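Down below is the structure, laid out as structure tokens.
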Amino acid sequence: MTEVSTTRPARRSARAAADAGQSAVPAIRAFDVVVSRVEHLSANFRRITFGGACLSDFGVQGHTLDLRIKVMIPPVGGGSADLGALMEDSGSGWYQQWLSLDQAERGDMRTYTVRASRCHQAIPELDVDFVMHLDDDGRGGPASQWAAAAEPGDRVWIIGPNVHAATCSTAGAYGGIEWRPGLAQNVLLAGDETAVPAISAILESLPEDISGHAFLEVPAGSDCQEIQTRSGVGISWLVRGGRPHGELLDAAVRQAVKVPGWVSLAAPFRVSLGSDTPSGQALAAAAGRVGGPERAAGPEPEDIDVDRTILWETPQLLDAAALDGSLNPDKPAGALPFYAWIAGEAAVVRELRRYLVRDVGIDRKQVAFMGYWRRGKAEG
Ligand SMILES: Cc1cc2nc3c(=O)[nH]c(=O)nc-3n(C[C@H](O)[C@H](O)[C@H](O)COP(=O)(O)OP(=O)(O)OC[C@H]3O[C@@H](n4cnc5c(N)ncnc54)[C@H](O)[C@@H]3O)c2cc1C
């Protein structure tokens, strides 16, 4: 049976696993890594490559997809607490132990996506793409400020999957991966700049027989990147410029997924880089024209106060009934099994959730909604 969880999966440790009488190999562990390269990808993205022999134990079998990790941001001018020892000593209580340390000593924990992993090559490395959300004085959250100043040789701790754990043997089973399309052949990916690394990695993994559309909203034209995919998924970059965060993304999804009761994913835009990008005015106008259907096609999803709660609603596994459309008797013959993955600023994701679930009537088992950050709120 499909489960819908509204919280991120709890962290586990060797002690927790042992306490539960399960495998002694911990599902997650701390990796003591060093910055090996820093690349300025664009106006708002910086790629940091982490290296270290310990990374040969990092990962899941197969594609990393939208695999999330925790980056332990060191305090300004100081080194981080020894996470390896803390996890070893405190078992499942490591996080509480870490939290109880003075922040000036422990630093901050932030969530990022593995953009690329080469952990099982001769020189183990992984890439993380940081969004530089800095104000005019160069101030931002601890993670973006750390990334802006990072140099080769800097050390941090990363918490991520232990490739030797049984739960990491298939990407679909590991809790740090939410992309679970099952047998879906028609997909929608939508996200803001924080979701660009995840969407890019997912697109790179997709086979030829998957179709659909990916919408990526980014601050500036130079943030549009080249993404390789064998799939038939069309990619549209939406350049925000001075418009409100999420306006273009919202409009694009509404224009692409219009039909209540079942999903016809129109592909209104070609792959668009730079001057090919559809104009924001056209999209915003299109959103106005699309509007909502006269009656709700699905249930009103329970409201989520994104100021208080993390918006995280991801189906664990898609069951066959959801995919073959038998939950959806109005689905026309020939409509492909559908799956959507939506991530970004929580209030923007919440509105898209409402639209897709209530107005279009998409079954919640077919959509992953993830608030990657909350306006005005630090992570933690
Ligand atoms: C599963 C997951 C995967 C993620 N992957 C990535 C990734 O690969 N790359 C990436 O850059 N981010 C990613 N994020 C988002 C990232 O964790 C947040 O943006 C985080 O808040 C950044 O930490 P910070 O210390 O810079 O800012 P915080 O201290 O957390 O926040 C400080 C202030 O900055 C604001 N803020 C936070 N992020 C942004 C932003 N992007 N734009 C504008 N304002 C912001 C907050 O609202 C707050 O007011 C991911 C989040 C999740 C949950």
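Points worth noting:
- The set of residues from region 95-110 being modelled with pLDDT of 90 or more and in a helix (DSSP H, G or I) comprises Tyr95, Gln96, Gln97, Trp98, Leu99, Ser100, Arg106.
- None of Pro152, Pro124 is crowded, with 18+ Cβ neighbours inside 10 Å, more than 20 Å from the chain's Cα centre (by Cα) and either of a type in the set (Lys, Arg) or not assigned by TED's automatic domain parsing to the domain that holds Ser200 (or both) except Pro124.
- Residue in region 135-146 that is within 11 Å of the ligand (Cβ to nearest atom), among the aliphatic types (A, V, I, L, M) and surrounded by fewer than 20 Cβ atoms within 10 Å (Cβ to Cβ) present: no
- Any hit, region 82-92, residues being among the hydrophobic types (A, V, I, L, M, F, W, C) and part of a loop (DSSP other than H, G, I, E, B): no
- Just one of the listed residues (Glu178, Glu125) is within 9 Å of the ligand (Cβ to nearest atom) and farther than 20 Å from Gly79 by Cβ, namely Glu178.
- Sole residue being part of a loop (DSSP other than H, G, I, E, B), surrounded by fewer than 22 Cβ atoms within 10 Å (Cβ to Cβ) and in contact (Cβ under 8 Å) with a residue 24 or more places away in the chain, chosen from Thr229, Thr167: Thr229
- Residue satisfying all of: in region 183-208; in a loop (DSSP other than H, G, I, E, B) and away from the ligand (no atom under 16 Å from the Cβ); nearest to Asp66 (Cα to Cα) among these: Leu206
- Looking only at residues in region 68-114 that are β-branched (Val, Ile, Thr) and either under 19 Å from Ala149 (Cα atoms) or outside the structural domain of Ile158 (by TED's automatic domain parsing) (or both), the one that is surrounded by the fewest Cβ atoms within 10 Å (Cβ to Cβ) is Val76.
- Candidate set from region 362-380 (those that are outside any strand (DSSP E or B) and more than 26 Å from Leu206 (Cα to Cα)); member that is farthest from the ligand (Cβ to nearest atom): Gly380
- Test result for Asn162, away from the ligand (no atom under 16 Å from the Cβ), polar (S, T, N, Q) and outside the structural domain of Asn44 (by TED's automatic domain parsing): no
The values are calculated or read from the model by the stated rules, or taken from the named source; none is laboratory data. No experiment lies behind these values; they were computed from the predicted model shown. Neighbour counts are summed over all protein chains in view; Cβ atoms, including those assigned to glycine, are modelled from backbone coordinates with ideal geometry.
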